[in-house]
DNA sequence: GCTTGACCTTCCAGTTACTGGAAGGATTAC
DNA sequence: GTAATCCTTCCAGTAACTGGAAGGTCAAGC
């Protein structure tokens, strides 16, 4: 099948599929006589795998590792789990960070009357001297 | 003062300060005879403002707007508040997204025994056919 | 006066993971 | 035959820096 079919079935845009080939995340696709890439079920599987992993926020580097574990029949499930746990820890760190930002902003927003007047506790906060 | 002092007092690395000047986020600094940038208190103020705003996750584009509101005595606090509210909405969207990822991953991780054996529900999930 | 180290300058390249677009060839529908 | 829709490659841009190279400046110590 052509790249656009593979795109449709994997959920990845054609551009992204070519990009993944470029960076060696997937094997170069077979080519037909006219130079078009030709995908089979197995290829689509791999692409879908990547789509799913990327959707869960794994980096391309992680995807490389996950894909290699996926194709390795001798893998240890512990290795997969470790990558997933690292990702969860990452997510937790980001959520915490965003939560702190949100808290600060919500506090400031609440104090700001938000009308035609120029005085604004939000800007005041941004401009405040750092407390020693 | 030199850029490294300005960096220390604003919390931004010298590289970043030069970068902000490059992209026109701050006015070009005064220069001394030797070509060195020379910063005053007012400059450091602006830089610290930017540091704070960036720390709260505002984009550089937002910072541009916030900085212009900051220096505008005729500003409407409503405009500042609107930017902050947009940022909060953004944070909420990101937290929700991360929360969903976390939920999925935590479920999968829990199911994975994580030992020497190769079978792994995480990989199984990634490789699963999309349900129609 | 000279050297050494710590500054400073500019400029170019790399990071992440794509995405848009141009130029040109192939295929398909009518 | 031709128009629309594919496909190809390649180059550039995105966000917000960061690292590093090449070279000028300055302050301290001998």
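Just so it is clear, none of the values below were taken in a lab; they were calculated from the coordinates. Just so it is clear, the model here is predicted, and its values are computed rather than measured. Cβ: placed from backbone, ideal geometry, glycine included. Neighbour counts: every protein chain shown.
With the convex hull of its Cα atoms as the shape, the stretch B:1-75 has an orientation-averaged projected area of 5.0 nm². Which residue, B:116, B:27, B:97, has the most motion in a Gaussian network model of chain B that connects Cα atoms within less than 10 Å? Of B:116, B:27, B:97, the most mobile in the Gaussian network model is B:116. Relative to the longest principal axis of the Cα atoms of chain A, the long axis of helix A:41-55 makes an angle of roughly 10 degrees. Volume per residue of the convex hull around the Cα atoms, evaluated for the protein assembly as shown, comes out as 215 Å³. Compute the acute angle (0 to 90°) between the alpha-carbon long axis of helix B:60-70 and the principal axis of greatest extent of the alpha-carbon atoms of chain B; round to the nearest 10°. Roughly 40 degrees, rounded to the nearest 10.
For chain B, the longest principal axis of the C-alpha atoms and the axis of helix B:77-111 are separated by about 30°.
Under 20 Å from a label point set 7 Å out along the Cα-to-Cβ vector of residue B:2, the amide N atoms of the stretch B:15-46 belong to B:15-21, B:29-45. Of the candidates A:32, A:117, A:76, which one comes out as most mobile in a Gaussian network treatment of chain A with C-alpha springs shorter than 10 Å? With Cα springs under 10 Å in chain A, the top fluctuation among A:32, A:117, A:76 is at A:117. Each residue in A:51, B:113 was given a count of other beta-carbon atoms within 10 angstrom of its own, and listing them fewest first yields B:113, A:51.
Of the residues A:26, A:104, A:60, the one that moves most in a GNM of chain A with alpha-carbon contacts below 10 Å is A:104. With its label point defined 7 Å out from Cα along the Cα-to-Cβ axis, residue B:32 lies at 6.9 nm from the matching points of the other copies, in increasing order. Could you work out how far the C-alpha centroid of the stretch B:55-132 sits from that of the stretch A:58-128, in angstrom? Each part reduced to its Cα centre gives a spacing of 6 Å.
Restricting the calculation to Cα atoms, the stretch B:65-132 yields a radius of gyration followed by a Dmax of 22.3, 68 Å. Take every pair of alpha-carbon atoms less than 8 Å apart whose residues are at least six positions apart; their mean separation over the length of chain A yields a relative contact order of 16 percent.
Projecting 7 Å from Cα along the Cα-to-Cβ direction, the label point of residue A:107 sits 3.6 nm from its equivalents in the other copies, listed shortest first. Taking the alpha carbon gyration tensor of chain B, multiplying each eigenvalue by 5 and rooting it gives semi-axes of 46, 22, 11 Å, largest first.
Between residue B:72 and residue A:60, the distance separating the two model label sites (each 7 Å from Cα on the Cα→Cβ line) works out to 3.9 nm.
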